Amino acid sequence: MSQGARPALQSRSRATRDKLVASLERCLRKKTFENITVAEIAKEAGLAVGTVYRRFENKDAFIPVLFEIYRSRLDELHGEAGGIEVDPSGGLRAVLRQIAEKSWTFMQEQKHIIAAAHLYSRLRPDLIGDEWDDLLEAGAKGYEALVHAFPNEVRRDPEEAGQMMAYHFNTALAERGLYGAHGVAAMMTVSDEDFVRAIADFAYGYLVTEDAK
């Protein structure tokens, strides 16, 4: 009888955890993680505070959940192919613009999650493990594969180019998308549309220019 009850208990526990994860994300749309309390997460989920503490030791225990949500959103963006879907028929420059545009849209839609993930990857790497490094490495490998897809246009070493591209897109988009009002992007007067195109064109210029060393 106890064996028959176990799956039901596990199912209820999982459902409760899912409620808390969804509650955390809704709270993040209203305020930053550091300003959210466990009581607010519980209230948003319609659960008692004690129920939260039976599954999460403290608020810091939710930090890995930030990356769980972020990773799931990335998986949705990349789909089964493992990368952003693009139309390669227009050549490398057009593909880079498609990637920049879709990445910018993703940044805007998921800003509440990405901002928290970026911040706590630096503040609490002990709670993240290798998750962030794995994401960065996967991004670099994705851009390396893109470089290999356009051998007649790219004049850079594929591995190095993949790393540089991942750094360029992630840094530029995050700087404006997450910290625009408080970072170096605050001095920019170009529209978002022009900015996104320029990011892609910077990358294109780098890829098609032969390394001078």
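Determine if the stretch 180-195 includes at least one residue that is touching a residue at least 12 places away in the same chain (Cβ under 8 Å), farther than 23 Å from GLY79 by Cβ, open to solvent by less than 80 Å² (accessible area, probe 1.4 Å) and in a helix (DSSP H, G or I).
Here is the first cut: in the stretch 180-195, the ones touching a residue at least 12 places away in the same chain (Cβ under 8 Å) are 188, 192, 195.
Among the residues that remain, those that are also farther than 23 Å from GLY79 by Cβ are: 188, 192, 195.
From what's left, open to solvent by less than 80 Å² (accessible area, probe 1.4 Å): 188, 192, 195.
Now narrow it down to the ones that are in a helix (DSSP H, G or I): 192, 195.
Among the residues of the stretch 180-195, at least one is touching a residue at least 12 places away in the same chain (Cβ under 8 Å), farther than 23 Å from GLY79 by Cβ, open to solvent by less than 80 Å² (accessible area, probe 1.4 Å) and in a helix (DSSP H, G or I), which makes the answer yes.
Return yes when ARG155 is among the charged types (D, E, K, R), assigned to a loop (DSSP other than H, G, I, E, B), open to solvent by 60 Å² or more (accessible area, probe 1.4 Å) and farther than 24 Å from ALA22 by Cα and no when it is not. Working first, answer last.
Values: among the charged types (D, E, K, R): yes; assigned to a loop (DSSP other than H, G, I, E, B): yes; open to solvent by 60 Å² or more (accessible area, probe 1.4 Å): yes; farther than 24 Å from ALA22 by Cα: yes.
Criteria met by ARG155.
Which residue, of LEU127, LEU123, is surrounded by fewer than 19 Cβ atoms within 10 Å (Cβ to Cβ), aliphatic (A, V, I, L, M) and in contact (Cβ under 8 Å) with a residue 60 or more places away in the chain? Give the derivation first.
Working: LEU123 fails: in contact (Cβ under 8 Å) with a residue 60 or more places away in the chain.
After ruling out the rest, the residue left standing is LEU127.
Condition test on ASP75, is it open to solvent by 40 Å² or more (accessible area, probe 1.4 Å), touching a helix residue (DSSP H, G or I) at 6+ places or on another chain (Cβ under 7 Å), under 24 Å from LEU136 (Cβ atoms) and of a type outside the set (Gly, Ala, Ser)? Outline the logic, then answer.
Details: open to solvent by 40 Å² or more (accessible area, probe 1.4 Å): yes; touching a helix residue (DSSP H, G or I) at 6+ places or on another chain (Cβ under 7 Å): no; under 24 Å from LEU136 (Cβ atoms): yes; of a type outside the set (Gly, Ala, Ser): yes.
So ASP75 does not fit the description; no.
Scan the stretch 116-145 residue by residue and report those that are under 19 Å from the mean Cα position of the chain (by Cα) and hydrophobic (A, V, I, L, M, F, W, C).
ALA116, ALA117, LEU119, LEU123, LEU127, ILE128, TRP132, LEU135, LEU136, ALA138, ALA140
Which of (1) of a type outside the set (Gly, Ala, Ser); (2) modelled with pLDDT under 90; (3) surrounded by 18 or more Cβ atoms within 10 Å (Cβ to Cβ); (4) closer than 23 Å to HIS182 by Cβ does ILE114 not meet, given it meets every other one?
Answer for ILE114: the failing condition is (2).
Select, from TRP132, TRP104, the only residue that is closer than 21 Å to GLY183 by Cβ, touching a residue at least 24 places away in the same chain (Cβ under 8 Å), buried (at least 18 other Cβ atoms within 10 Å of the Cβ) and aromatic (Phe, Trp, Tyr).
Testing whether each residue is closer than 21 Å to GLY183 by Cβ, touching a residue at least 24 places away in the same chain (Cβ under 8 Å), buried (at least 18 other Cβ atoms within 10 Å of the Cβ) and aromatic (Phe, Trp, Tyr) leaves just TRP104.
Among the residues that make up the stretch 160-179, is at least one of them open to solvent by 70 Å² or more (accessible area, probe 1.4 Å), under 24 Å from ILE36 (Cα atoms) and either part of a helix (DSSP H, G or I) or modelled with pLDDT under 95 (or both)?
Of all residues in the stretch 160-179, those open to solvent by 70 Å² or more (accessible area, probe 1.4 Å) come to 160, 163-164, 167, 170, 179.
Remaining after also requiring under 24 Å from ILE36 (Cα atoms): 179.
Keeping just the survivors that are either part of a helix (DSSP H, G or I) or modelled with pLDDT under 95 (or both) gives 179.
Yes - at least one qualifying residue is present in the stretch 160-179.
For ALA198, which of the numbered conditions (1) in contact with a helix residue (DSSP H, G or I) (Cβ under 7 Å, 6 or more places away or on another chain); (2) hydrophobic (A, V, I, L, M, F, W, C); (3) modelled with pLDDT of 95 or more fails to hold?
(1) is the only condition that ALA198 fails.
What pairs come out if I take residues in the stretch 74-92 that are more than 23 Å from HIS112 (Cα to Cα) and of a type outside the set (Val, Ile, Thr) and pair them with residues that are at pLDDT 90 or above and in a helix (DSSP H, G or I) whose C-beta lies under 6 Å away, six or more apart or interchain?
Going by the 6 Å Cβ cut-off, the qualifying pairs are PRO88/VAL95.
Note down all Cβ pairs under 8 Å where the first residue falls in the stretch 155-169 and is within 14 Å of TYR204 (Cα to Cα) and charged (D, E, K, R), the second is buried (at least 16 other Cβ atoms within 10 Å of the Cβ) and at pLDDT below 95, and they're at least six residues apart or on different chains.
Final answer for the pair search is ARG156/VAL147.
The values are calculated or read from the model by the stated rules, or taken from the named source; none is laboratory data. Here the structure is a predicted model, which means the values were calculated and not measured. Every residue, glycine among them, receives a Cβ derived from its backbone with ideal geometry; neighbour counts consider all protein chains shown. We work out accessible area using only protein heavy atoms, side chains counted, and drop any ligands, DNA or RNA first. Shrake-Rupley method; radii C 1.70, N 1.55, O 1.52, S 1.80 Å.
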